[in-house]
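Enquirer: Mind having a look at this structure? Questions to follow.
Readers should treat all values here as calculations from the given coordinates under stated rules, not as data from a laboratory. Note that this is a predicted model, so its numbers are computed, not measured. Ideal geometry is used to build each Cβ from the backbone, glycine not excepted, and the neighbour counts take in all protein chains shown.
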Amino acid sequence: MFKNIKSLNQKIKKGLYLVSTPIGNLGDITLRSIEILKNSNYILCEDTRISKKLFSKYDINSNLISNHKFNEKKNLSKIIDLLRSGLIISLVSDAGTPSISDPGIILVNECRKNNIDVIPLPGPSAVTSAISISGFSEKFFFYGFFPDKLKDVNNDLSVLSQLDCSIVFFISSKKFQKSIRFLKKNFSGREIVICREMTKYYEEFIRKKIDELSELNNDFKGELTVVISEKKIDKKFSQKLNESDKRVIKKMINKFSIKEITDVVNSNNRIPRKEIYNFCLKLKNEK
């Protein structure tokens with residue numbers, strides 16, 4: 001079936017193709033991706049040994065070039081020359097979409113400088129797969145991988161905790177275990193989904209309240225995709241100014257600054273600062 005997916009090279013637009021590859025199950029690849037890979041003069045691979053397993057399954061015999069974070073700068077000039085000569089080159093990572101927490105950005109930017117077309121081929125993504133099954137807000141922030149030092153991890157989590165949206169990141173199981181105390185400290189009251197071995201036979205999705213997180217068992221290994229829920233708003237409290245609030249503000253409006261009034265009325269975090277600020281402005285403009 002797939003051996004017949006072969007187009008004439010002249011019909012495919014010349015340039016650099018960013019080809020998404022399966023994140024686990026080798027069946028998760030698009031027909032267009034197979035077509036482009038078969039017709040590429042060269043395929044840039046993060047690890048040729050991993051890519052060959054996929055290419056063998058779909059009878060892809062294009063020339064391979066090893067291209068990873070340790071040699072991508074060294075390869076840059078050679079690859080740009082090949083692209084300038086009118087060749088079709090594809091870039092793949094070991095899994096998922098290239099240049100998303102994987103090598104590729106340096107080459108993409110160099111192509112832009114040289115007016116070389118860069119064409120994305122959509123496909124598997126651990127980020128969107130994890131978000132889709134989380135049940136959390138579809139508005140999300142993707143962080144990527146955390147820095148090496150735990151102190152820096154804690155600092156970054158502290159910043160991320162201020163965002164009122166779902167938060168997605170990649171992390172090794174070992175570092176995750178060491179970061180549990182930071183997650184509890186910064187995301188108390190929120191929920192978490194821990195995804196591992198996605199799309200594979202033993203895929204697992206662990207759902208917990210962050211306050212109930214504890215050390216995971218010793219066989220918990222590998223790279224994880226983690227989703228943290230948006231902030232939980234207590235529905236019992238109104239997010240709007242009530243009549244009592246408005247009377248208090250009217251009494252204060254001629255004696256205090258808008259900032260001081262906002263600080264006082266917002267002291268229990270029940271009402272958004274913007275709501276208070278806008279009402280104060282309205283009173284000022286009526287005078």
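Enquirer: Quickly work out the Leu216-to-Lys284 label distance, labels modelled 7 Å from Cα along the C-beta direction, and quote it in nm with one decimal.
Expert: My value for the distance between the label points is 5.1 nm.
Enquirer: Something else now. In debye to the nearest 20, how big a dipole does the stretch 2-124 give about its Cα centre with +1 on each Lys and Arg Cβ and -1 on each Asp and Glu Cβ?
Expert: Numbers: 18 positive and 11 negative charges, 69 e Å.
I would put it at about 340 debye.
Enquirer: A further question follows. Using amide H atoms built in the peptide plane, which far-off residues or other-chain residues are under 5 Å from Leu64 H to H?
Expert: Long-range HN contacts for Leu64: Ile43.
Enquirer: Taking amide H positions as placed in the peptide plane 1.01 Å from N, state which residues far from Leu91 in sequence (5 or more) or on other chains have amide H under 5 Å from it.
Expert: For Leu91, the qualifying residues are Tyr17, Leu18, Val19, Leu44.
Enquirer: Rounded, prolate or oblate: which one fits the chain, using the alpha carbon gyration tensor with axes a ≥ b ≥ c (rounded when a/c is under 1.5, else prolate when a/b beats b/c, else oblate)? Provide the component values of the computation, followed by the final result.
Expert: Values: a/c = 2.86, a/b = 1.96, b/c = 1.45.
Prolate shape, in that a/c is at least 1.5 and a/b is the bigger ratio.
Enquirer: Efficiency by 1/(1 + (r/R0)^6): what FRET value for Asp263 and Lys209, r their Cβ-Cβ distance, R0 = 30 Å, to the nearest 0.05? Don't skip to the answer; put the middle values down first.
Expert: Values: r = 32 Å, r/R0 = 1.06.
The value I calculate is 0.40.
Enquirer: Could you grab the relative contact order for the chain? Cα pairs under 8 Å, six or more apart, rounded to a whole percent. Show your work: numbers first, answer last.
Expert: Values: 445 pairs, mean separation 45.6, N = 287.
16 percent.
Enquirer: Let me ask something else about it. Show me the trypsin sites (Lys or Arg not before Pro) within the stretch 9-42 that DSSP assigns to loop and that have at most 14 other Cβ atoms within 10 Å of their Cβ. Kindly include the intermediate steps, with their values, before the conclusion.
Expert: On the way: sites: Lys11, Lys13, Lys14, Arg32, Lys38; in loops: Lys13, Lys14.
Passing sites in the stretch 9-42 are Lys13.
Enquirer: Per residue of the stretch 207-215, in order, report the coupling 6.51 cos²θ - 1.76 cosθ + 1.60 (Karplus, θ = phi - 60°) as ³J(HN,Hα) in whole Hz, putting x for Gly and Pro.
Expert: 10, 8, 7, 4, 5, 9, 5, 9, 4
Enquirer: What residue among Thr48, Thr128, Thr262 has the largest mean-square fluctuation in a Gaussian network model of the chain, using Cα springs under 10 Å?
Expert: Of the options given, Thr262 has the highest mean-square fluctuation.
Enquirer: Calculated FRET efficiency, Thr128 and Arg247, Cβ-Cβ r, R0 41 Å, to nearest 0.05? The partial results should precede the final answer.
Expert: Working: r = 48 Å, r/R0 = 1.18.
So the FRET efficiency works out to roughly 0.25.
Enquirer: Just Lys231, Lys251, Lys151 to compare: in a GNM of the chain, with alpha carbon springs under 10 Å, which one fluctuates most?
Expert: Of Lys231, Lys251, Lys151, the Gaussian network model singles out Lys251 as fluctuating most.
Enquirer: Please give the charge dipole size of the chain, origin at the Cα centre, charges +1 on K and R Cβ atoms and -1 on D and E Cβ atoms. Round to the nearest 20 debye.
Expert: Dipole of the chain, to the nearest 20 debye: 920 debye.
Enquirer: Gain in length, Ile50 to Gln239, computed as 0.36 nm per residue apart minus the alpha-carbon separation, to one decimal in nm? All intermediate terms of the calculation are to be shown ahead of the outcome.
Expert: Working: separation 189, 0.36 × 189 = 68.04 nm, distance 5.21 nm.
Additional length available on full extension: 62.8 nm.
Enquirer: Need one number: nm distance between label points at Asn25 and Lys73, each 7 Å from Cα along Cα→Cβ, rounded to one decimal.
Expert: Modelled inter-label distance: 4.0 nm.
Enquirer: What whole number of Å gives the distance from the Cα centroid of the stretch 8-69 to the Cα centroid of the stretch 180-229?
Expert: 32
Enquirer: Which values of log₁₀ I(q)/I(0), to two decimal places, follow from the Debye formula for the stretch 73-135 at q = 0.16, 0.28 Å⁻¹ with a uniform point scatterer at every Cα?
Expert: Listed by q, the Debye log ratios stand at -0.59, -1.30.
Enquirer: Could I ask something else about it? Taking other Cβ within 10 Å of each residue's Cβ, how do Ser229, Ser132 sort, fewest first? Before the final figure, lay out the partial values.
Expert: Values: Ser229 21, Ser132 11.
Ranking Ser229, Ser132 by Cβ neighbours within 10 Å, fewest first, gives Ser132, Ser229.
Enquirer: If you don't mind, there's one more thing I want to ask. Taking a cut-off of 21 Å, what percent of all Cα-Cα pairs in the stretch 138-275 are separated by more than that? Each step should come with its number before you reach the end.
Expert: Values: 5006 of 9453 pairs.
So the pairs more than 21 Å apart make up 53 percent of the total in the stretch 138-275.
Enquirer: Using just the C-alpha positions of the stretch 2-124 as equal point scatterers, what log10 of I(q)/I(0) does the Debye formula give at each q in 0.12, 0.20 1/Å?
Expert: Calculated log10 I(q)/I(0) at the listed q: -0.37, -1.11.
Enquirer: Would you mind computing, in nm to one decimal, how far apart the modelled labels at Asp81 and Lys139 are, each placed 7 Å from Cα along Cα→Cβ?
Expert: Using points 7 Å along Cα→Cβ, the separation is 5.0 nm.
Enquirer: Taking amide H positions as placed in the peptide plane 1.01 Å from N, state which residues far from Cys165 in sequence (5 or more) or on other chains have amide H under 5 Å from it.
Expert: For Cys165, the qualifying residues are Lys231.
Enquirer: Explain nothing, just compute: Karplus ³J(HN,Hα) = 6.51 cos²θ - 1.76 cosθ + 1.60, θ = phi - 60°, for every residue of the stretch 152-162 in order, whole Hz, x for Gly and Pro.
Expert: The phi angles translate into 5, 4, 4, 4, 5, 5, 4, 5, 5, 5, 7 Hz.
Enquirer: So if each residue of separation counts as 0.36 nm, and I subtract the Cα-Cα distance between Asn254 and Ser172, what length gain in nm does that give?
Expert: Values: separation 82, 0.36 × 82 = 29.52 nm, distance 5.63 nm.
Here the segment from Asn254 to Ser172 would lengthen by 23.9 nm.
Enquirer: Projecting each Cα onto the charge dipole of the stretch 118-245 (Lys/Arg +1, Asp/Glu -1 at the beta carbon, about the Cα centre), which of Val227, Ile133, Ser179 comes out farthest on the positive side?
Expert: Towards the positive end, the residue furthest out is Ser179.
Enquirer: Sticking with this one: Roughly how tilted is helix 173-186, in degrees to the nearest 10 and between 0 and 90, from the longest Cα axis of the chain?
Expert: 20
Enquirer: Would you mind finding the longest exposed-site-free stretch of the chain, with exposed chymotrypsin sites (Phe, Trp or Tyr not before Pro) meaning DSSP loop and at most 11 other Cβ atoms within 10 Å? Show your work: numbers first, answer last.
Expert: Values: sites that count: Phe70, Tyr201, Tyr202, Phe237.
The longest such stretch corresponds to 71-200.
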